[in-house]
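The values are calculated or read from the model by the stated rules, or taken from the named source; none is laboratory data. Source: prediction; values computed, not measured. Cβ coordinates were reconstructed from backbone atoms using ideal geometry, including for glycine residues, and neighbour counts include every protein chain displayed. Accessible surface is based on the protein model in full, side chains and every heavy atom, while ligands, DNA and RNA are left aside. Shrake-Rupley method; radii C 1.70, N 1.55, O 1.52, S 1.80 Å.
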Amino acid sequence: MRITGRTRLAGIMGWPVAHSRSPALHNFWLEEQGIDGVYMPLPVQPEQLGQALRALPALGFRGCNLTIPHKQQALSIVDRIEPLARRIGAINTIIVAPDGSLEGRNTDAFGFRENLRDAIPDWNPSAGPAVVLGAGGAARAVVAALIEARVEEIRLVNRTEARAELLARELTVPSARITVHPWIARNSALADAGLLVNTTSLGMADEPELKIDLTQLPLSAVVVDIVYVPLETTLLAAARRRGHRVVDGLGMLLHQGRPGFEAWFGAPVRVTRELRAAILTTLSAHR
Ligand code: ATR
């Protein structure tokens, strides 16, 4: 890499930020495209997020991504919030406009949709209800993507039911019916579903397993896990054994980076097998 006076700058703010795979992702694309740019990990303490974001235009940054714990706090700092980010209640991408103002976007719903589209091009949103496990930030993005895809019924299943109720209320639209189901009823919520998505942290390395019985899930249903460490979670392995088509979470991570990259560096990028392999190497190196 060669840094010049014209090098375009972007990065990711988080606290901590060392675990983030975004630098590997964006620098892969920069190198692949031969763009004079660099993408930096930016460790920013929560108390200094406002100062750090306001400094972006002064430092010549095109923008940045945000990760834990900054995604919600940024809503009260940026100058403009894209409607989807407001609905989801979190910002993961910031674009510095030519006048130095900051625009906040959320590209997680885009990442989920593109990953699903890539893996299962013929997935049919009308094939049946979608069951979403979890009601955290990731679930909000997934529900927003499912609504956008015109899924008619979304069944939210979460350990803390009140959180699912809140999500359902905040994201509700006339085109979709969002119902809330107790965690204990997760097996029966699968009956006649067309899609199952795990957005909880269960099944992630060092977290408890996701215990769910797939017997009632129609074999035509697609099963998605947004966990990507490990890539093949117990849920995906069980679904694969039953004959379901399955989608792992790595693609969502890679696709969510595309809109930011395209805005900052002005070039369209793709999620290729080479990119997946490169990021997978960094995942195993960090474990
Ligand atoms: P993210 O922003 O990545 O979605 P989060 O907001 O911490 O992360 O959400 C984690 C999700 O995993 C939540 O739905 C959480 O359930 P609660 O809302 O009840 O906390 C779910 N989760 C985490 N540990 C769980 C467990 N042991 N059993 C069931 N659900 C769990």
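Laid out as a table, the results:
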{"read-out": "Choice from His19, His70, His181 with maximal GNM fluctuation in the chain (Cα, 10 Å cutoff)", "value": "His19"}
{"read-out": "Cα-centre dipole for the range 181-287 with unit charges at Cβ (Lys and Arg positive, Asp and Glu negative), debye to 20", "value": "260"}
{"read-out": "Extension gain, Asp79 back to Asn187 (0.36 nm per residue minus Cα-Cα distance, nm)", "value": "34.5 nm"}
{"read-out": "Largest-first ordering by accessible area, 1.4 Å probe, given options Trp123, Trp29", "value": "Trp123, Trp29"}
{"read-out": "Simple Cβ-charge dipole of the range 1-132, Lys/Arg +1 and Asp/Glu -1, about Cα centre, in debye nearest 20", "value": "200"}
{"read-out": "Note, ³J(HN,Hα) from phi for the range 29-42, Karplus 6.51, -1.76, 1.60, rounded to Hz, x at Gly and Pro", "value": "5, 4, 5, 4, 8, x, 8, 7, x, 9, 10, 10, x, 10"}
{"read-out": "Share of carbon and sulfur in the accessible heavy-atom surface of the chain [1.4 Å probe, %]", "value": "52"}
{"read-out": "Among Ala85, Ala52, Ile95 - extreme Cα towards positive end, dipole of the range 50-122, charges at beta-carbon", "value": "Ala52"}
{"read-out": "Label-point separation, Ile120 to Leu59 (7 Å along Cα→Cβ), nm", "value": "4.1"}
{"read-out": "Fraction of the pair-distance distribution of the range 177-230 above 19 Å, Cα-Cα pairs, percent", "value": "31"}
{"read-out": "Probe 1.4 Å - accessible area at Asp192, Å² to nearest ten", "value": "90"}
{"read-out": "Surface accessible to a 1.4 Å probe, per residue, for the residues of the chain, Å²", "value": "46"}
{"read-out": "Virtual spin-label span in nm between Leu280 and Glu32, 7 Å along Cα→Cβ", "value": "1.5"}
{"read-out": "Student exercise, the chain dipole from Lys, Arg, Asp, Glu Cβ charges, in Debye to nearest 20", "value": "80"}
{"read-out": "Kirkwood hydrodynamic radius of the chain, from inverse mean 1/r over distinct Cα pairs, in Å", "value": "19.6"}
{"read-out": "Sequence-distant residues sharing a close amide H with Asn92 (under 5 Å, placed H)", "value": "Arg105, Asn106, Thr107"}
{"read-out": "Whole-Hz couplings from phi, Karplus 6.51/-1.76/1.60, listed for the range 232-244; x for Gly and Pro", "value": "9, 6, 4, 4, 5, 5, 5, 5, 4, 4, 7, x, 6"}
{"read-out": "Unit charges at the beta carbon, dipole of the range 138-287: most positive-side option, Gln256, Pro182, Ile154", "value": "Gln256"}
{"read-out": "For the range 88-97, 3J(HN,Hα) per residue [Karplus equation, 6.51 cos²θ - 1.76 cosθ + 1.60, θ = phi - 60°, Hz, x = Gly/Pro]", "value": "6, x, 7, 10, 10, 9, 10, 10, 8, 6"}
